[in-house]
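Okay, structure first, notes after.
The values are calculated or read from the model by the stated rules, or taken from the named source; none is laboratory data. Owing to the predicted nature of the structure, the values given are computational and were not obtained by experimental measurement. FYI the Cβ positions are ideal-geometry reconstructions off the backbone, even for glycines, and counts take in every protein chain you see.
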Amino acid sequence: MKERLLVLAKAVPEISKKYEHLVCVAGLTDKGKWRRIYPIPWKVFWKNSDKYFKKKMWIEYELKEDCPSDCRPESRKIKSETITPLEEASFREIEGLLKERLTTIEELERKTPRVQSLGVVKPVEIIGFEPTTNKHYEELLVKRGQLNLMGKRAVQLEIPRYKYRYIFRDDKEKVHEIICEDWEVGELYRKCENYRKEGKYKDEEEVHKKVREKFLYEIPKKGDVYFIVGSHFRFPTYLIIGVIYPKKSDSF
């Protein structure tokens, strides 16, 4: 069965138990349903891949079967080799779809991930964007030093020492602190950290400052910001897996 998806979230790559490098992708189907699809191999997002796609694009693929593939109702396994990138959606089109589906962290927590594990939240106030130590850093660093049967590194990804969390309000009272797993955040941190290693940035604090400048100051100035949130597979906690905002290329 074929399905079309408007991609609204592309999270940082993760390392599976089999050392595969996988990416969590989520969005809205052309029938208006929230969907999380996997497994999406990391190599799909290499620039020379004919299956390459990014946030705010429509894609088409074949489902392995049209039923939940884990305890979260929106999850589906797909045949990754059938992915076909389609056209890019405008911010106006996306914003219209998101406004119809706005929720809050409190509402999602009340429902629990077994009822709804994906949603969109519009922050009323973004208070901070702060680094937090990656608690799996040392463990993944050890794995990165291991070799597979082909004599190559089992883990090819660069392991981030830090992740970042948004501090925000999605209503007038409660403040939330939620880890942001958006691919853009991970990529910006990786580039800034490489600049530090090359001596272009003097220390980790300058790295954090550069990342914070974009996600705390620059992005909110561009216009309305929406957080695509999704629950963790093993734990009933929510993460920000996509940050949606207008860019220069978006027409109004």
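A few remarks follow.
- Those residues of the range 82-132 which are more than 18 Å from the chain's Cα centre (by Cα), among the acidic types (Asp, Glu) and within 16 Å of Leu5 (Cβ to Cβ), in sequence order: Glu87, Glu93
- Exactly one residue out of Glu81, Glu65, Glu60 is in the same structural domain as Val25 (by TED's automatic domain parsing) and assigned to a loop (DSSP other than H, G, I, E, B): that is Glu65.
- Within the span defined as the range 3-16, one or more residues are outside any strand (DSSP E or B), more than 30 Å from Arg169 (Cα to Cα) and either modelled with pLDDT of 95 or more or not aliphatic (A, V, I, L, M) (or both).
- No other residue among Lys64, Lys10 is of a type in the set (Lys, Arg) and more than 19 Å from Val185 (Cα to Cα) apart from Lys64.
- Number of the condition not met by Lys54 [criteria: (1) surrounded by 15 or more Cβ atoms within 10 Å (Cβ to Cβ); (2) outside any strand (DSSP E or B); (3) touching a Lys or Arg at 6+ places or on another chain (Cβ under 9 Å)]: (1)
- Residue count for the range 21-38 satisfying the condition of being of a type outside the set (A, V, I, L, M), surrounded by 19 or more Cβ atoms within 10 Å (Cβ to Cβ) and more than 12 Å from Gly230 (Cα to Cα): 1.
- Residue match in the range 50-57 (condition: of a type outside the set (Lys, Arg), over 21 Å from Val229 (Cα atoms) and more than 17 Å from the chain's Cα centre (by Cα)): yes
- Qualifying residue in the range 204-222 (condition: assigned to a loop (DSSP other than H, G, I, E, B) and either of a type in the set (Phe, Trp, Tyr) or at pLDDT 95 or above (or both)): no
- Count of the range 201-252 residues, restricted to those that are of a type in the set (Ser, Thr, Tyr) and under 16 Å from the mean Cα position of the chain (by Cα), is 5.
- Answer from Arg114, Arg110, Arg76 - the residue that is part of a strand (DSSP E or B), basic (Lys, Arg) and either assigned by TED's automatic domain parsing to the domain that holds Ser231 or closer than 24 Å to Phe233 by Cα (or both): Arg76
- Matching option when the condition is more than 21 Å from Thr112 (Cβ to Cβ), in a strand (DSSP E or B), of a type outside the set (Phe, Trp, Tyr) and in contact (Cβ under 8 Å) with a residue 60 or more places away in the chain, among Val243, Val185: Val243
- Of the listed requirements (1) in a loop (DSSP other than H, G, I, E, B); (2) at pLDDT 90 or above, Ile159 misses just one: (2).
- Flag for Asp224 being in contact (Cβ under 8 Å) with a residue 60 or more places away in the chain, touching a helix residue (DSSP H, G or I) at 6+ places or on another chain (Cβ under 8 Å) and surrounded by fewer than 19 Cβ atoms within 10 Å (Cβ to Cβ): yes
- Condition met for Asp170 (crowded, with 20+ Cβ neighbours inside 10 Å, touching a residue at least 60 places away in the same chain (Cβ under 8 Å), farther than 22 Å from Lys135 by Cβ and in the same structural domain as Gly119 (by TED's automatic domain parsing)): yes
- Contact map, the range 31-60: first residue free of Cβ contacts under 8 Å to residues at least 40 places away in the same chain, second residue part of a helix (DSSP H, G or I) and not hydroxyl-bearing (Ser, Thr, Tyr), Cβ cut-off under 7 Å, separation 6 or more or different chains; pairs are Ser49/Lys43; Lys51/Val44; Tyr52/Val44; Tyr52/Phe45.
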